[in-house]
1. Grab the Cα-Cα distance for residue 279 and residue 249, subtract it from 0.36 nm times how many residues apart they are, and report the gain in nm with one decimal.
2. Placing +1 on the Cβ of each Lys and Arg and -1 on the Cβ of each Asp and Glu in region 73-258, which of 146, 245, 218 has its Cα farthest towards the positive end of the resulting dipole?
3. For region 100-120 and region 19-93, what is the separation of their Cα centres, given in Å?
4. So if we plug the beta-carbon distance of residue 37 and residue 350 into 1/(1 + (r/R0)^6) with R0 = 22 Å, what FRET efficiency do we get, rounded to 0.05?
5. Modelled label-to-label distance, residue 57 and residue 322, 7 Å Cα→beta-carbon offset: nm?
6. Work out the charge dipole of region 1-116 with +1 on the Cβ of Lys and Arg and -1 on the Cβ of Asp and Glu about the Cα centre, then indicate which of 65, 25, 104 is farthest towards its positive end.
7. Can you compute the FRET efficiency between residue 294 and residue 13 using 1/(1 + (r/R0)^6), with r the Cβ-Cβ distance and R0 = 51 Å? Round to the nearest 0.05.
8. Report the extension gain between residue 335 and residue 200 in nm, rounded to one decimal, defined as 0.36 nm multiplied by the number of residues separating them, less their alpha carbon distance.
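All of the numbers you see were taken from the coordinates with simple rules; none came from a lab. Quick caveat, the model's predicted, so the values are computed rather than measured. Counting neighbours? That spans all protein chains shown, and the Cβs are built from the backbone with ideal geometry, glycine included.
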Amino acid sequence: MMPGSLPVNQNIEILENGKTVRDVIDSKIKELDSAENQQPFFVANLDCVLKAHLRWTKNLPRVKPFYAVKCNDTPTVVSMLSALGTGFDCASKGEIQLALSLGVTPDKIIYANPTKPSYHIKYAASQGVDTMTFDNEEELLKISSFHAQFLKRLTLEMLLSRLFGATLSSAGKLLERAAQLGLQVIGVSFHVGCLCTDSLTFKRAIADSRHVFDMAKSLGFKMSLLDIGGGFSGTDFINESLDEFFPSESGVRIIAEPGRYFVESAFTLAVNVIAKRTVMNETEDYNTESGPDRTMEYYINDGVFGSLSSVLNFPEAVGSSELKYKSVIWGPTCDSLDKVLENYWIPELRVGDWLLMDNAGAYTLSICSDFNNLKEHSFTFQHLLTLTTDSCVHTTSTGPDPLKLCVDQPANERFYAHNVKNYENNAKYNINIGL
Ligand code: PLP
């Protein structure tokens, strides 16, 4: 990829002369500290997106990725993936608008949300986005009432989660109804759920899809598209199952909707400790081996109502010889739900310290609200997002790297934090947070 094809006007810095992403983060922190404006910020390394793309094309050559915009709708990510030739899974009018505004053509967009507001369907149809998913009869009726002259290309979403999807047993009836309404059902889609670690789930879903294809054929449909959704954490069984149930000779076009896979490792979030309090434990029976008789409570300027709603597991601090305290980390709002982490064993932090969280690209920025009117949560591009790319402009000549298709870090190391002030003195500690 040449620099000329990188998105412009989006605060991108090409790293040269050995400058690293950490250097960018450190200088941003210095800049914010000296301006006494310690807002949280993200730094994205576009190299990771490019490498993910190269791994994808090497490991899943038959599957065209349609990036799930909901995962991270940063315009630079969308533009970059568009330049790399991916399509886009959009779940709303707003996401379709964003993709179109960045030059994505309608044929590269699928409206992959089986329950859509009528006015969003109308908008999609008016823009030429003609491939959408459905999983129930009401949705078929809704779609058929719009733009009768417009050729709808529907994919039947199969049930794999509690939220969406038709069951295998209801698929036949739905297809019959679609035929009655004169709608064209061109394929089957499924989504195994985020971070699917059981690759047999993909195998089962691909086999079930074959079944629906056969059912559709007997009803007169000529299905030509299989959409294997998102949730990628490995490729085991996917190629094998595709070759078994949808061999190349079948002519079926295969697409997927990966989100997290492309962006998770690309983003680092830096947050600032804005307040702190010490709560003395009232009982004497604390475990002296694991720490002193107090809980430290910290408040950071991003939280559950901002970009940190997906931190689900409790962490364990590793790699530091400093005395650790049981700690709770709160977000900045006045809501008791805004608890980012608890039972978090870390050395004492100071107000003003920065915490860095790697692998923070998925379901973070795109989920932020401005609850409490906290402008911090808007992560406005002017001063909070710096996008960088280091070797990506040079890597294509060496071809795809041989890494497996998987996120760069194992799940239990998905986030880590360190105290930047300590880090500068080489007393770095890593903390596993995990999603
Ligand atoms: N496709 C659909 C229908 C989804 O609901 C989602 C996530 O919620 C995705 C794709 C992307 O999933 P992931 O980010 O785990 O790849």
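1. Going from the current span to full extension adds 4.1 nm.
2. In region 73-258, that residue is 146.
3. Here the answer is 21 Å between Cα centres.
4. E between residue 37 and residue 350, to the nearest 0.05, is 0.75.
5. According to this spin-label approximation, the distance is 4.4 nm.
6. 65
7. Calculated value: 0.75.
8. That works out to 44.5 nm of additional length.
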